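The values are calculated or read from the model by the stated rules, or taken from the named source; none is laboratory data. On a predicted model such as this, the values are computed, not experimentally measured, just so you know. We place every Cβ from the backbone using ideal geometry, glycine too, and count neighbours over all the protein chains shown. Calculation scope for accessible area: heavy atoms of the full protein, side chains included, ligands and nucleic acids excluded. Shrake-Rupley method; radii C 1.70, N 1.55, O 1.52, S 1.80 Å.
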Amino acid sequence: MKRKILIYFSFGLVGLFILFLIFLSARESTPQFKPPVPRILNSKIITGLINDYRVKNGLRPLIEDEKLCNLAKDRLPEIKRDQSHAGFELRVKNNSFGFTYDKLAENLISARGLEIEVFRAWVDSEEHRENILTPFQFTCLKCDLASCVQLFANF
């Protein structure tokens, strides 16, 4: 009888030890929460979505232009300080782009979320959609961790 109790007790201790080991291994393999790493949105994806939208609405796809890309790169740090079109409008007023154009427009947005969300926000906004659906020939879209700027032009 004492032997049976000792065997049950031994199996009980072994069982508890095994459960303890399982508990420890589960704790070690439980992933720790890590906040998402901010990423720069892919401007090529957004431009592709915009060009698809333009084609569906009877317009030609936009062509990326180096002059607009240089301006878009310059605008990103300005937008960090002031999320507005003020710097763009000042350049229009002073004609200080360093190139001539027939027509020029700008779309801005805080760059949070996914590329499709930037596209949707612009298409859902009357003013931004108007820029997208104006028969411009050229564009450049640049994003950083905080903002996206898209410029449109006809030269």
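Results, tabulated for the structure shown:
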{"read-out": "Candidate aspartates and glutamates - alpha carbon under 13 Å from K80, same-chain residues fewer than 8 apart omitted", "value": "D144"}
{"read-out": "Dipole moment magnitude, nearest 20 debye, the range 70-150 about Cα centre, only Lys, Arg, Asp, Glu C-beta charged", "value": "260"}
{"read-out": "T139, T100, T47, ranked by accessible area, largest first (probe 1.4 Å)", "value": "T100, T47, T139"}
{"read-out": "Too-long pairs where the Cα-Cα distance tops 25 Å, listed order kept, from K56/K93; K73/K93; K44/K67", "value": "K56/K93"}
{"read-out": "Nitroxide proxy distance, nm - points 7 Å out along Cα→Cβ at E126 and F17", "value": "7.7"}
{"read-out": "Relative packing of peptides 58-64, 71-77, 144-150 - highest average C-beta neighbours within 10 Å first", "value": "144-150, 71-77, 58-64"}
